[in-house]
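Worksheet: the structure to be examined is printed underneath.
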Amino acid sequence: MSRAYGPQARRRRHPLIDGDLVLVAASTVLGVWTRSMQWVVLAAGVVVVVRRRALLGALCVLLGLSGVWRSATTWAGAHPRHLGDFAGWVTIVGDPVPLGAGLRVTLEVEGERFDTWAYGSARRRLVDRQVGERVYVEGRRRPLTTQAHRAQLRHVVGRVDLSAVGDWHDGSRLSATSSRVRIALRHAAERAMAGDDAALFTGLVIGDDSRQSPQMVEVFRASGLSHLTAVSGENVAFIVAAAAPVLRRLRPWWRWATTLALISWFMMLTRFEPSVMRAGVMAIVATTGYVAGRDVSAIRALSCTVTVLALIDPMLVWSVGFWLSTGATAGVCLAGPRLAESLPGPQWLRLPLSVTLGAQVGVAVPS
């Protein structure tokens, strides 16, 4: 007898309720943030006393200590292993960002990330390059002297002073495809819109905010809407919804694999923006639960997402964009339904208003 999947499948009970997974995610983040075994053990002890569940406490300790280890390992690798003169091929891992007369580009040199500020001929050679492309450069690697902490959160360990920029060639076929889509969208926006409008469009759609003027960003910040200048996690839902007519025709596991591939490609297209990573992994968790015959609530999927991403990339724990996205989602899921029940007025007004207010409550703390 073949096994059924989806809504008709027999739903199995989860060994951990949603609140348990919230505590597990909190323990993981605590371990990453503090890098302290004592705090993790103390928090797990409180969980055991309050919830009276030794297994839950053990899981909190296990993932909390994993967070401590991953954070310590990641921060230990935030310092350069190699410095001095260099000549050879490097990989561009951060799209060129115009800054005044210069151009900031993030390069991967012998497995380590370095920022470089290019001027003159070097700027002209690098301004049209994209993530994944390989470039021949000559220069000198040195440690960071200013804003080191902010650079380390992007996994940058030092700076390269360029003396020459030579030939270049495409990277992998996958990265070249995503770069061509970004270039096509940028050129289409620039042909149809004014400068600031085109820059805002590409920021909203694909996370390309490199050409947004400081004046425009400052206006959005002053109005409390700075999060609107960058790609939103809801774009993942739009992409999946657009592909739904094709996905529905596939068998369950093929649908699952295709959805994962589509989400992964879109995350690459947006250069793995924190909000898109949150939404993408959350969608993957929900899709996996669906095809496996398990109900996955939004809070459950969000808790699993925070746990997984905190262990994969501990630097996200210090990302304001990641917490704004997480907080907004939590606010919509938790506060939104309660507000919809308590607000006066017709349902067509209460529902969108409750979602907006719930998201605003959720981003209040990270803001």
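The values are calculated or read from the model by the stated rules, or taken from the named source; none is laboratory data. Given the structure is predicted, the values throughout are model-derived calculations rather than measurements. Here the Cβ positions follow ideal geometry from the backbone for every residue, glycine too, while neighbour counts run over all protein chains shown. Just so you know, the surface numbers come from the protein's heavy atoms only, side chains and all, with ligands and any DNA or RNA stripped out. Shrake-Rupley method; radii C 1.70, N 1.55, O 1.52, S 1.80 Å.
At-a-glance table
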| read-out | value |
| --- | --- |
| Expected 222 nm ellipticity per residue - DSSP helices of 4 or more, -39500 (n - 2.57), all of the chain, to 500 | -19000 deg cm²/dmol |
| Per residue accessible area in Å² of the chain, where ligands, DNA and RNA are left out and the probe is 1.4 Å | 54 |
| Cα shape, the chain, gyration tensor, a/c 1.5 rule | prolate |
| Sorted peptide list for 74-87, 103-116, 254-267, criterion being average Cβ within 10 angstrom, highest first | 103-116, 254-267, 74-87 |
| Beta bridge orientation in the chain: antiparallel %, DSSP, nearest 5 | 90 |
| For the chain, size of Cβ-based charge dipole, Lys and Arg +1, Asp and Glu -1, in debye | 1220 |
| Segment 54-195 - Rg (one decimal) and Dmax (whole number), Cα, Å | 18.7, 63 |
| DSSP H segments from the chain that extend 18 Å or more along their own axis, Cα-based, with Kyte-Doolittle mean of 1.0 or above | 18-34, 37-51, 54-76, 234-247, 274-291, 298-312 |
| For the chain, with +1 on Lys and Arg beta carbons and -1 on Asp and Glu, the positive-most of Thr91, Gly331, Gln360 along the dipole | Gly331 |
| Normalised convex hull volume, segment 236-348, alpha-carbon set, Å³ per residue | 131 |
| Sorted peptide list for 36-45, 23-32, criterion being average Cβ within 10 angstrom, highest first | 23-32, 36-45 |
| Carbon plus sulfur fraction of accessible area for segment 21-164, probe 1.4 Å, in percent | 59 |
